[in-house]
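*Asks:* One structure is given below, represented as structure tokens, and several questions about it will come after.
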Amino acid sequence: MATEPQASADEPAQPAAIETPAADGTQEPSIRWWPAVAIAVLMWAVIKYTASGPRTATMVHFIGSMAAPGNALLLMGGWWLFASRAPKSEKRLGFLLTAVLAVAAIVISHPSVSVQPWVAMILPWTITALAAAFFLASRIGWRHGRWLPLAVVQAALLFGACIRVDGINGDFVADLSPRWTPTDEEVFLSETKAVEAPAALELPMEPGPNDWPEFRGSDRDSRVAGVAFATDWEASPPKELWRRKIGPGWSSFTVVTGTLFTQEQRGDEEVVSAYEAGTGEPLWTNAVPSRFYETVGGAGPRATPTYHQGVLYTQGAAGKVQAIDAATGESLWVRDLTEDTPAEPPAWGFSSSPLVWGDLVIAYAGAGNGLSVIAYQKESGEIAWTSGDSTHSYSSPQRATIAGVEQLLVLSNSGLASFNHATGTQLWHHPWDIGEMPRVVQPTVFGDSVLLGTGYGLGTQRIEVTNTDGEWATEEAWTSNRLKPYFNDYVHASGYLYGFDGPVFTCVNAEDGKREWKRGRYGHGQVLLLDDMGVLLVIGEAGELVLLEATPKKHTEICQIQALEGKTWNHPVVADSKLFLRNGEEAVCYDLGGAPATQVAGP
């Protein structure tokens, strides 16, 4: 190895690398390896701390998973350049080669491998392996071991270039696959045949009592009435009627008179699809050229079709709003939120399900400056009004009656706003700004109280709304971090809230926000309330289907089966004694059977 040049008289002296005798009698540097190991240990301590206990699936967790490896990389670079005792020429060469390899790997990596997987998943293990490599190199001698750290960098970057991210779960853990293997969507498309549309379906103008006409049901509250079935699934498990592959997306189902509607991504087309509810056979598809993709959720639409008087109203992830003849699948009109307002798709895509109210179809755009909420004429698609100043939301517009007045509620980043649905005039606004974080769940209304659920460790807030001689006011009753719904809607039953506090299911008293119990690790799933039975139907993030007693006394699990495979974030649907489930890969239907409507439990 060449020796370092001597400093000239007018140059500041540089500290010489400490040298130790090599096996052949020459001198070689003695690398100061322990700071690299300390950096790796500190990084893992921060990662584990921010991902533990109440910090799981919060902004602290997310920042920790990104900031800890990022800062560790900076510290490792600073140590290598200024405190490693490596020869100056090797410092420069190692830094240059690493930078070139990193740029090359990023350029050729799969489009799904964005900054988050690189930093949160690949970088921590790379830093750990580098620390181990420097330690090992110091043991065997720098002359022979100096190539170990570079080999680690090469291996890590090669790994990053060879993988594909198939989405990230609610705990920010990525699902990785070899990039050369086909995706579930590609397999689905290769096996899917074109659908020959049948004669016009016979559908009612108004949905029946056993139908599920829109997102979370007719009142958007995930409550199911008039349904009862046997809960001893060991003796009489639900019968699987059909199972089929489906295009990616986080839409739920709409069910009307034996017909199933949902939204999917199929290649470069966003599709609204109709299936026969009893068999799963496809009936028709409506496709528009549009594709939305982001690393966390993957490809596909997020909203759910709304059925009204024989027409489906849909909103795509890239901003397309449609009216579709539900009987034939033909488009009646199409609008684009990005053309009707200055809005751009948020990082998670346009995700609000349209609300039909009277002659209007109400959608959320999030353009701010009076262009956050937009109402279209139901028949023509012409803009009726725009209103609101918030800039993003994952939540859907919701109808409510508060203080005896019907009003439109919209939960967004700035808080909860109420509008006159016919004119768009804002009635009141309750501020609770969460910055750039998404507001996902629906507001929960009971009496003149409204519950605002928020993830990222912030919790749930109950507000009281009053109207005195036309003057609206809101007041915070309580805020509790005992219920922190990330994107998981909760249900209200007899004064208690049941839902997900991060990845753990919980029961909270609606009067004071105090926790009654917290148990049941079902990941980041969804829940329905089977009202007549006093039972909660939970679909876990990993596809497990669970029945729980809806009681504040204790967490009581009635039964559990594995219903789906793969990450499951979609809301479940019960209609006509059938359970419909889907995720981004498959859909399944179970016949729940019938039984006397006997309440299993209650408060």
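*Asks:* So what's the back-of-envelope 222 nm ellipticity for the chain, counting only DSSP H runs of four-plus at -39500 (n - 2.57) apiece and dividing by all residues, rounded to 500?
*Replies:* After summing the helix terms and dividing by the residues of the chain, the value is -6000 deg cm²/dmol.
*Asks:* On to the next question. Would you please put 109-122, 552-565 in order of how densely packed they are, using the mean number of other Cβ atoms within 10 angstrom per residue and starting with the highest? Working shown, then result.
*Replies:* Values: 109-122: 18.7, 552-565: 15.5.
Taking the mean over residues of other Cβ atoms within 10 Å, the ranking is 109-122, 552-565.
*Asks:* May I ask which of LYS245/LYS378; LYS378/LYS578; LYS320/LYS484; LYS484/LYS554; LYS193/LYS378 have a Cα-Cα span longer than 29 Å here?
*Replies:* In this structure, LYS245/LYS378; LYS378/LYS578; LYS320/LYS484; LYS193/LYS378 exceed 29 Å between Cα atoms.
*Asks:* Taking the simple approach of a point 7 Å from Cα along Cα-to-Cβ for both LEU241 and VAL115, what is their distance in nm?
*Replies:* Using points 7 Å along Cα→Cβ, the separation is 4.7 nm.
*Asks:* Report the Cα centroid-to-centroid distance between region 358-374 and region 85-121 in angstrom, as an integer.
*Replies:* 44 Å
*Asks:* What number results when the radius of gyration of region 120-258, computed over Cα atoms, is divided by 2.2 N^0.38 Å?
*Replies:* 1.85
*Asks:* Return one number: the angle in degrees, 0 to 90 and rounded to the nearest 10, between the long axis of the Cα atoms of helix 123-140 and the longest principal axis of the Cα atoms of the chain.
*Replies:* 20 degrees
*Asks:* Going through region 303-395, which GluC sites (Glu not before Pro) have at most 14 other Cβ atoms within 10 Å and a DSSP loop state?
*Replies:* GLU330, GLU379, GLU382
*Asks:* Positive end of the dipole of the chain, charges at C-beta (+1 Lys, Arg; -1 Asp, Glu), about the Cα centre: which of HIS430, SER218, HIS308 has its Cα farthest in that direction?
*Replies:* Value: HIS430.
*Asks:* Once you have all Cα-Cα distances for region 459-515, histogram them in 10 Å bins from zero and send the whole-percent values.
*Replies:* Reading upward from the zero bin: 24, 46, 21, 9, 1.
*Asks:* On the protein heavy atoms, probe 1.4 angstrom, tell me the percent of accessible surface of the chain carried by carbon and sulfur.
*Replies:* Using a 1.4 Å probe with all protein chains present, the chain comes out at 55 percent carbon and sulfur.
*Asks:* A follow-up question, please. So what's region 328-426 giving for Rg/Rh, alpha carbon basis, Kirkwood Rh from the mean inverse pair distance?
*Replies:* Ratio of gyration radius to Kirkwood radius: 0.95.
*Asks:* Related question: Any idea of the accessible area per residue across region 445-519, 1.4 Å probe, to the nearest Å²?
*Replies:* 38 Å²
*Asks:* For helix 34-50, what angle does its Cα long axis make with the longest principal axis of the chain, in degrees from 0 to 90 and rounded to 10?
*Replies:* Around 10 degrees separate the two axes.
*Asks:* Right, here's the next one. At a Cα cut-off below 19 Å, give the aspartates and glutamates reachable from LYS518, other chains included and same-chain residues fewer than 8 away excluded.
*Replies:* Hits, sequence-local ones excluded: ASP171, ASP489, ASP501, GLU541, GLU544, GLU549, GLU557.
*Asks:* How do 194-201, 526-533 rank on mean C-beta neighbours within 10 Å, highest first?
*Replies:* Result, highest mean Cβ count within 10 Å first: 526-533, 194-201.
*Asks:* Rounded, prolate or oblate: pick one for region 515-564, where a ≥ b ≥ c are the square roots of the eigenvalues of its C-alpha gyration tensor, a/c under 1.5 means rounded, and failing that, prolate if a/b is larger than b/c, else oblate.
*Replies:* Taking the square roots of the gyration eigenvalues as a ≥ b ≥ c, region 515-564 is oblate.
*Asks:* Which shape class applies to region 286-345: rounded if a/c is under 1.5, otherwise prolate when a/b exceeds b/c and oblate if not, where a ≥ b ≥ c are the square roots of the Cα gyration tensor eigenvalues?
*Replies:* prolate
*Asks:* Using the alpha-carbon atoms, what tilt in degrees (0 to 90, nearest 10) does helix 88-108 show relative to the longest principal axis of the chain?
*Replies:* Result, in degrees: 30.
*Asks:* Check the straight Cα-Cα distances from LYS553 and name the aspartates and glutamates below 14 Å, setting aside those fewer than 8 residues away within the same chain.
*Replies:* GLU516
*Asks:* Once a ≥ b ≥ c are taken as the square roots of the eigenvalues of the Cα gyration tensor of region 523-594, is the result rounded (a/c under 1.5), prolate (a/b larger than b/c) or oblate (a/b not larger than b/c)?
*Replies:* oblate
*Asks:* Report the local net charge at ILE246: Lys and Arg +1, Asp and Glu -1, summed over other residues whose C-beta lies under 11 Å from its C-beta.
*Replies:* 0
*Asks:* Over the alpha-carbon set of the chain, work out the extent along each principal axis and list the three values in angstrom, largest first.
*Replies:* The Cα atoms of the chain stretch 92, 57, 55 Å along the principal axes, largest first.
*Asks:* Mean separation of Cα pairs under 8 Å and 6+ residues apart, divided by the residue count of the chain: what relative contact order is that in percent?
*Replies:* Relative contact order here is 11 percent.
*Asks:* Oh, and also: Starting at the first residue of region 376-381, write each ³J(HN,Hα) from the Karplus equation 6.51 cos²θ - 1.76 cosθ + 1.60 with θ = phi - 60°, in whole Hz, x for Gly and Pro.
*Replies:* 9, 5, 4, 7, 9, x
*Asks:* If you put +1 on each Lys and Arg Cβ and -1 on each Asp and Glu Cβ, how big is the dipole of region 320-478 around its Cα centre, in Debye rounded to 20? Before the final figure, lay out the partial values.
*Replies:* Values: 6 positive and 19 negative charges, 70 e Å.
It works out to roughly 340 debye.
The values are calculated or read from the model by the stated rules, or taken from the named source; none is laboratory data. Worth saying up front: this structure is predicted, and the values here are computed from it rather than measured. Using ideal geometry, Cβ is built from the backbone for each residue, glycine included, and neighbour counts are taken over all protein chains shown. What goes into the accessible areas is simple: the full protein's heavy atoms, side chains included, and nothing from ligands, DNA or RNA. Shrake-Rupley method; radii C 1.70, N 1.55, O 1.52, S 1.80 Å.
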